[in-house]
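S.K.: Here it is, the structure in full.
The values are calculated or read from the model by the stated rules, or taken from the named source; none is laboratory data. These figures come from a predicted structure and were not determined experimentally. So basically every Cβ, Gly included, is an ideal-geometry build from the backbone, and we count neighbours across all protein chains shown. Ligands, DNA and RNA are stripped out before the accessible areas are found, and what is left, the full protein with its side chains, is counted by its heavy atoms. Shrake-Rupley method; radii C 1.70, N 1.55, O 1.52, S 1.80 Å.
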Amino acid sequence: MKVTDILAQNKEKTLISFEILPPLKGKSIESITKVLDPLMEFKPPFIDVTYHREEFEYKQTPSGYFEKVAVRKRPGTVGICAAIKYRYNIEAVPHFLCGGFSKEETENALIDLGFLGIQNILALRGDARKLEKKFVPEPDGNAYALDLIEQIAQMNKGKYLDHDLINPVKTDFNIGVAGYPEKHFEAANYDEDLLYLKKKIDAGGDYVVTQMFFDNRPYFKFVEDCRKMGINVPIIPGIKPITRMSQLNTIPASFYIDMPDDLVKEVRKCKSDEDVRQVGIEWCIQQSKSLIKFGVPCLHYYTMGDVKTISAICKELV
Ligand code: FAD
């Protein structure tokens, strides 16, 4: 079932969904089921699975020199999605990137997803790889999420890259897109970022999932601004609890978001990371309750494999 159909059918309640990461290369699928089994009590109607490109690393050769090699640490997004769909009978949403794919490879990967019965996709550009200064698309790949969305939307109309196909089937993908209540870090300004978001929706985006945030006010403003400019699709807030003191710096550095002053003050008072986790849980519960009151269609938790913390939060909401 499509994510937007699920949301439309559950308008009277706030749903809970999760994002998970595929296991590190070499780990078994049990590392995923260990995270998901306990979360099933919250009846998530869909689970997102992130996509991880290869990263560059310097590795020492036997002769002592260092060589730059590409390593993919978390493959398996599509396999995990298929496993989720058929093990739990709930929708799995693979994250799908422009980065690393030619348009031809994108088309073929979408065909695979269709054959697996995966109907939902979160369409993203992706970031620059480690050791690269900026995002570089493949020479014949999609440069922006907008281009990827256009390609998927064309396939949904039965239009493939190869124009000689006879009666090609129309795919039926529901397309999620990323939104940034505190602006994407590369955007010239907030307003221009919103204009590109509007283009993504006009091109075929069916709903928005936001970057994480710790202060609901920018999210509320973002929703209001989106509505003013005619972005009328569901806007699902992405949320993550803080669990370690070091995250006061690493989260803003990685995700280009601000930590609200009240949260920073509470975390700074903590004596251990366990204390920080408790503050993070309480903050996230209050944040979630306020989002429910606002009328969000779904709360989408970035689990990062920390099922204990996420369960503690969700238990207070159901
Ligand atoms: P875009 O929408 O293409 O925007 C990128 C930048 O370009 C923005 O600054 C935008 O304002 C600007 N822009 C957009 N369109 C145009 C245009 N036509 N012309 C000029 N400028 C334009 N990354 C991963 O690698 N794997 C994941 O699984 C993953 N999951 C994510 C899930 C969510 C909910 C979010 C919010 C992000 C996720 N990311 C993931 C990170 C994401 O790939 C990065 O934030 C990336 O830098 C931007 O992706 P995007 O799809 O928002 O890009």
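S.K.: When the chain is fully extended, how far beyond the present Cα-Cα distance does Tyr88 get from Lys228, taking 0.36 nm per residue of separation? Don't jump to the answer; show the numbers that get you there.
M.R.: Details: separation 140, 0.36 × 140 = 50.40 nm, distance 3.85 nm.
Net length gain for the segment: 46.5 nm.
S.K.: Calculate the dipole size of the range 3-314 relative to its Cα centre from +1 charges on Lys and Arg beta carbons and -1 charges on Asp and Glu beta carbons; express the result in debye to the nearest 20. Provide the component values of the computation, followed by the final result.
M.R.: Details: 41 positive and 44 negative charges, 141 e Å.
Dipole magnitude for the range 3-314 comes out near 680 debye.
S.K.: Right, next: Starting from 0.36 nm per residue, how many nanometres of slack lie between Leu317 and Ser246 once their C-alpha separation is accounted for?
M.R.: Working: separation 71, 0.36 × 71 = 25.56 nm, distance 2.72 nm.
Taking Leu317 through Ser246 to full extension adds about 22.8 nm, to one decimal.
S.K.: Nearest 5 percent is fine: what portion of the DSSP beta bridges confined to the chain is antiparallel? List each step's numbers first, then the result.
M.R.: Working: 7 of 34 bridges.
Percent antiparallel among DSSP bridges in the chain is about 20.
S.K.: Work out the charge dipole of the chain with +1 on the Cβ of Lys and Arg and -1 on the Cβ of Asp and Glu about the Cα centre, then indicate which of Val169, Asn142, Pro75 is farthest towards its positive end.
M.R.: So the residue we want is Pro75.
S.K.: Which FRET efficiency, nearest 0.05, do Asp164 and Asp258 yield, Cβ-Cβ r, R0 41 Å?
M.R.: 0.20
S.K.: With all protein chains present and a 1.4 Å probe, how do Arg227, Arg74 order by accessible area, largest first? Present the calculation step by step, with values, prior to reporting the outcome.
M.R.: Working: Arg227 90, Arg74 60 Å².
Per-residue accessible area, sorted high to low, gives Arg227, Arg74.
S.K.: Can you quote the Å³ per residue value for the convex hull of the Cα atoms in the chain, rounded to an integer?
M.R.: Here the figure is 161 Å³ per residue.
S.K.: Evaluate the relative contact order of the range 3-314 (contact order divided by residue number), counting alpha-carbon pairs under 8 angstrom at least 6 apart; express in whole percent. Walk me through the numbers on the way to the answer.
M.R.: Numbers: 525 pairs, mean separation 56.6, N = 312.
Worked out over the range 3-314, it gives 18 percent.
S.K.: Accessible surface of Asp273 in the full protein assembly, 1.4 angstrom probe, to the nearest 10 Å²?
M.R.: We get 70 Å² for Asp273.
S.K.: Quick check on the range 34-154: of the DSSP beta bridges with both residues there, what percent are antiparallel, nearest 5%? Walk me through the numbers on the way to the answer.
M.R.: Details: 7 of 14 bridges.
Of those bridges, close to 50 percent are antiparallel.
S.K.: Suppose R0 equals 45 Å. What FRET efficiency, 1/(1 + (r/R0)^6) with r the Cβ-Cβ distance, do Lys198 and Ser63 give to the nearest 0.05?
M.R.: On the way: r = 54 Å, r/R0 = 1.20.
For R0 = 45 Å, the calculated efficiency reads 0.25.
S.K.: A further question follows. Place +1 on the Cβ of every Lys and Arg and -1 on the Cβ of every Asp and Glu in the chain, take the dipole about the Cα centre, and give the residue among Cys98, Cys226, Pro23 whose Cα lies farthest towards its positive end.
M.R.: About the Cα centre, the residue reaching furthest to the positive side is Pro23.
S.K.: So which residue, out of Tyr301, Tyr180, Tyr190, gets the largest mean-square fluctuation from a GNM of the chain using Cα contacts under 10 Å as springs?
M.R.: Tyr190
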